[in-house]
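J.: Dropping a structure here in structure tokens format, bear with me for questions.
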């Protein structure tokens, strides 16, 4: 199966708005260009679900929380918990959302469906070794289960990972 046919087989995540999906796509392209692999909607040990988790070749873990509007940002404060699961935490948003609403101690990515750029670097807060291992295992298992589910849609893999 080619990469393009694999991408065409992926189901659309109905939990996200079209704007959020566009921001996720552009942010994912940026992260890939920076050498990261990305898994979307990754369940965390805290019970939360991170919008994008990026894993670098050196084991660095970034989480990107997507906010498609001012209302979206103000209605959701669970992102504070994400710091416990990453080395760097970013928000990703559109050009239409004012950058001033986001906290100073979090990175900022501005994106559309075609690409993105880092507007503000995220401060580093290194993960404890056991948390890094847990995140890397969750990332690997989710990616493997999702690939298995695509290759064998009737299999027992589920898409909850």
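The values are calculated or read from the model by the stated rules, or taken from the named source; none is laboratory data. Note that the structure is predicted; figures quoted are calculated from it, not measured. A quick note on method: Cβ atoms are made from the backbone with ideal geometry, for glycine too, and the neighbour counts reach across all protein chains shown.
J.: Check whether at least one residue in segment 81-89 is modelled with pLDDT of 95 or more, surrounded by 15 or more Cβ atoms within 10 Å (Cβ to Cβ) and within 21 Å of residue 112 (Cβ to Cβ), and report yes or no.
T.: No, there is no match, as no residue in segment 81-89 is modelled with pLDDT of 95 or more, surrounded by 15 or more Cβ atoms within 10 Å (Cβ to Cβ) and within 21 Å of residue 112 (Cβ to Cβ).
J.: Tell me which residues, restricted to segment 104-130, are free of Cβ contacts under 8 Å to residues at least 60 places away in the same chain and either surrounded by 14 or more Cβ atoms within 10 Å (Cβ to Cβ) or touching a strand residue (DSSP E or B) at 6+ places or on another chain (Cβ under 9 Å) (or both).
T.: Start the filter on segment 104-130 by keeping residues that are free of Cβ contacts under 8 Å to residues at least 60 places away in the same chain, which leaves 104-108, 110, 119-121, 123-126, 128-130.
Result: 104, 105, 106, 107, 108, 110, 119, 120, 121, 123, 124, 125.
J.: Let me ask something additional. Can we say residue 142 is at pLDDT 95 or above and over 14 Å from residue 53 (Cβ atoms)? If you could, list the steps in order and put the result at the bottom.
T.: Working: at pLDDT 95 or above: yes; over 14 Å from residue 53 (Cβ atoms): no.
Answer is no for this residue.
J.: On the basis of being under 19 Å from residue 140 (Cβ atoms), part of a helix (DSSP H, G or I) and at pLDDT below 95, does residue 6 make the cut? Steps first, answer last, please.
T.: On the way: under 19 Å from residue 140 (Cβ atoms): yes; part of a helix (DSSP H, G or I): yes; at pLDDT below 95: yes.
So residue 6 fits the description; yes.
J.: Within the group 42, 31, which residue is surrounded by 13 or more Cβ atoms within 10 Å (Cβ to Cβ), touching a helix residue (DSSP H, G or I) at 6+ places or on another chain (Cβ under 6 Å), modelled with pLDDT of 95 or more and not in a loop (DSSP other than H, G, I, E, B)? Let's see the steps before the verdict.
T.: On the way: 31 fails: touching a helix residue (DSSP H, G or I) at 6+ places or on another chain (Cβ under 6 Å).
Unique residue meeting the criteria: 42.
J.: So in segment 57-76, with the set limited to residues that are assigned to a loop (DSSP other than H, G, I, E, B) and free of Cβ contacts under 8 Å to residues at least 60 places away in the same chain, which one is surrounded by the most Cβ atoms within 10 Å (Cβ to Cβ)? Break it down into steps so the answer makes sense when it comes.
T.: Start the filter on segment 57-76 by keeping residues that are assigned to a loop (DSSP other than H, G, I, E, B), which leaves 57-60, 67-69, 76.
Still in the list and also free of Cβ contacts under 8 Å to residues at least 60 places away in the same chain: 57-58, 60, 67-69, 76.
On the way: 57: 8, 58: 7, 60: 17, 67: 24, 68: 21, 69: 15, 76: 10.
By that ranking, first place goes to 67.
J.: Is it the case that segment 59-79 has a residue that's at pLDDT 95 or above, over 15 Å from the mean Cα position of the chain (by Cα) and farther than 21 Å from residue 96 by Cβ?
T.: Within segment 59-79, one or more residues are at pLDDT 95 or above, over 15 Å from the mean Cα position of the chain (by Cα) and farther than 21 Å from residue 96 by Cβ.
J.: Looking only at segment 45-56, filter to residues that are in a loop (DSSP other than H, G, I, E, B) and out of contact with any helix residue (DSSP H, G or I) (no Cβ under 8 Å at 6 or more places or on another chain); which one of those is nearest to residue 27 (Cα to Cα)?
T.: Going through segment 45-56, the residues in a loop (DSSP other than H, G, I, E, B) turn out to be 45-48, 56.
Keeping just the survivors that are out of contact with any helix residue (DSSP H, G or I) (no Cβ under 8 Å at 6 or more places or on another chain) gives 47, 56.
Values: 47: 23, 56: 15 Å.
Filtering segment 45-56 for residues that are in a loop (DSSP other than H, G, I, E, B) and out of contact with any helix residue (DSSP H, G or I) (no Cβ under 8 Å at 6 or more places or on another chain), the one nearest to residue 27 (Cα to Cα) comes out as 56.
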